[in-house]
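Each remark here refers to the structure printed beneath this line.
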Amino acid sequence: MTLLKVENLKKEYQSKFKNNTVVALADVSFEVEKGEFIAIMGESGSGKSTLLNCIATLDQPTAGTISLNNQNFKHLSDKQLAAFRRDHLGFVFQDFNLLDTMSVADNIYLPLILAKNTNNKEQKLSNLAKQLGLQDLLNKYPYELSGGQKQRVAIGRALITNPEILLADEPTGALDSKNSADILSIFEQYNQQNQTILMVTHSALAASHAQRVLFIKDGKVFHQTYRGNKTEQEMLLTISDAMTNLLGGLIKMLYWKLAWQSIVKNRLEYLPFMLAGSAAVALNMVIQLLIYSKGVKKLAANVSVIEMLTFSQIVIAIFSIIFLLYTYSFLSKRKQSEFGLFSILGLQKIDLIKISWRQQFISFLAVTFFGLITGVVFSKVLILLFMKLVGGTEFQLNITTVSIVFIVVFFMICFLFLLITDIFSIFKLKTISLLHATKKENQNPEAIGYYLALD
């Protein structure tokens, strides 16, 4: 039996300081069966707490629907929503949210008193206290309790109304391992009594107690896994694998983001290098196209045109390498300072290498693309000049696969060599040396803040 149904849920927030929209939930859909124990996992900012707030009717979604027992939340007024929360939902918070001015017993009674439903309240309290191990604590006050005891009181307060669904937001986040295990054991016991539980957590260990785990990424349900007949240890390994895949994707995105933003931020240093690389590609492309163009070979009977072009190709290739290395030497100093900054912020050398090869890959694509286009255009202009000077129409531009492959492979090797120089710099220089380079290069006080913000 479907108890909770979430369909195409979307939640957006308008930034107060910028004229933009932040999407907390993009398109979330899932169902919860009666008696299920579901954990929701995801990185900070993934939207899991926003999702829980919408289900708890504490926040209104921008679009989509949420229904509990076929009752759509959208059709309820604020007054009806408050009554709905009181009568159908139970809440367990990370920070307990107990009232220090009330005893443990009164804290647990509170939902019944607010609902004006005090029939058999003593019996209900007695049963809960026995199950939660609170018999000796009922007359104490929250400030006299440990963290684990406070959370058990919070669970008692949530369960005393027999809610249709128990919503728990990081219930073990403020507890040590022993108290966390106790709380999760309590959740499992009540779940075995057919209590439906929806729990948000960062802890894979906590989630391993659930029957099903939903993974939230970028405001969407990225993945879900079922416990089935798995033991807690097997479920923990399954969750860990899923989180590794999730984090792996995020880390790769971070590498690309750092690489791209480095190029954008240091565009003045990259511009000469990019122009030099594009010019080198263009010149080599021109020679290649001339060698294979119709009409040029006909001149070889009287003049060693092909030999001259081939010799020019070798000379230009050598000067291309020298020119690329020369312009890259200036850029390399800036990159070393960035590597120092990243290293100080906690990235390892292997992480720096992954950022570096992404920078080289982006540079290679840009240089090769613009260089090939420029080379083709310039070759066309030269062919037209030849036709005007020599006359006739036998000169025709012939773009061959061999020419393009030669250029791409040659400059791929060049950029691989530049990547090797980066790797050598990363392993050669110590963090303290990079730190000094950072201090020398980053005179702009916004530089470090730029990379910390990464927006």
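Rule-based calculations on the coordinates, nothing more; no lab input. Just so we're clear, the structure is a prediction, and the values are computed from it rather than from any experiment. Cβ sites come from the backbone with ideal geometry, for glycine too, and all protein chains shown count toward neighbours.
How large, in Å, is region 23-145 by the Kirkwood hydrodynamic radius built from its alpha-carbon pairs?
Working: mean 1/r = 0.0585 Å⁻¹.
Answer for region 23-145: a Kirkwood hydrodynamic radius of 17.1 Å.
Under a plain spin-label model, where a point goes 7 Å from the Cα along Cα-to-Cβ, how far apart in nm are L110 and K230?
3.6
Compare the peptides 144-154, 418-428 by average per-residue count of other Cβ atoms within 10 angstrom and give them in order, highest first.
On the way: 144-154: 20.7, 418-428: 15.4.
Sorting 144-154, 418-428 by mean packing, highest first, produces 144-154, 418-428.
What is region 181-248 by shape, rounded, prolate or oblate, if you read a ≥ b ≥ c off the alpha carbon gyration tensor as root eigenvalues and call it rounded for a/c under 1.5, prolate for a/b larger than b/c, and oblate otherwise?
On the way: a/c = 1.98, a/b = 1.59, b/c = 1.25.
Prolate.
Report the local net charge at Y190: Lys and Arg +1, Asp and Glu -1, summed over other residues whose C-beta lies under 15 Å from its C-beta.
Details: positive: K34, K124, K130, R152, R157; negative: E36, E164, D182, E188.
Residues near Y190 contribute +1 overall.
Rounded to the nearest 0.05, what FRET efficiency do S312 and I373 give with R0 = 25 Å and r taken as the Cβ-Cβ distance? Could you check? Can you show the working numbers first?
Working: r = 21 Å, r/R0 = 0.84.
E(calc), rounded to 0.05, equals 0.75.
Count charges around T2 for me, please; just the other residues with Cβ under 13 Å from its Cβ, Lys/Arg as +1, Asp/Glu as -1.
Working: positive: K5, K34; negative: E7, E31, E33, E36, E164.
After counting each charged neighbour, the total is -3.
Could I have the simple spin-label model distance between K130 and M412, label points 7 Å from Cα toward Cβ, reported in nm to one decimal?
Taking the simple label geometry, K130 and M412 are separated by 7.5 nm.
Let a ≥ b ≥ c be the square roots of the eigenvalues of the Cα gyration tensor of region 119-176; is it rounded (a/c under 1.5), or, if not, prolate (a/b larger than b/c) or oblate? Could the numbers behind the result be given before it?
Working: a/c = 2.41, a/b = 1.16, b/c = 2.08.
Here region 119-176 falls in the oblate category.
Which aspartates and glutamates, on any chain, are close to K79 with Cα under 13 Å apart, when same-chain ones fewer than 8 places away are left out?
The reachable aspartates and glutamates, counting only those whose Cα sits under 13 Å from K79, are D87.
May I ask for the Rg/Rh ratio of region 122-258, computed from Cα atoms with Rh as the Kirkwood radius, given to two decimals? Let's see the in-between values first.
Details: Rg = 17.5 Å, Rh = 16.7 Å.
With Rg and the Kirkwood Rh in hand, the quotient comes to 1.05.
Given the pairs K130/K178; K10/K124; K217/K428; K34/K217, which are separated by over 28 angstrom at their Cα positions? Before the final figure, lay out the partial values.
Details: K130/K178 20 Å; K10/K124 38 Å; K217/K428 38 Å; K34/K217 25 Å.
Violating the 28 Å limit, Cα to Cα: K10/K124; K217/K428.
Of K265/K354; K74/K150; K150/K220; K257/K349; K5/K74, which pairs sit farther than 24 Å apart, going by alpha carbon to alpha carbon?
K74/K150; K150/K220
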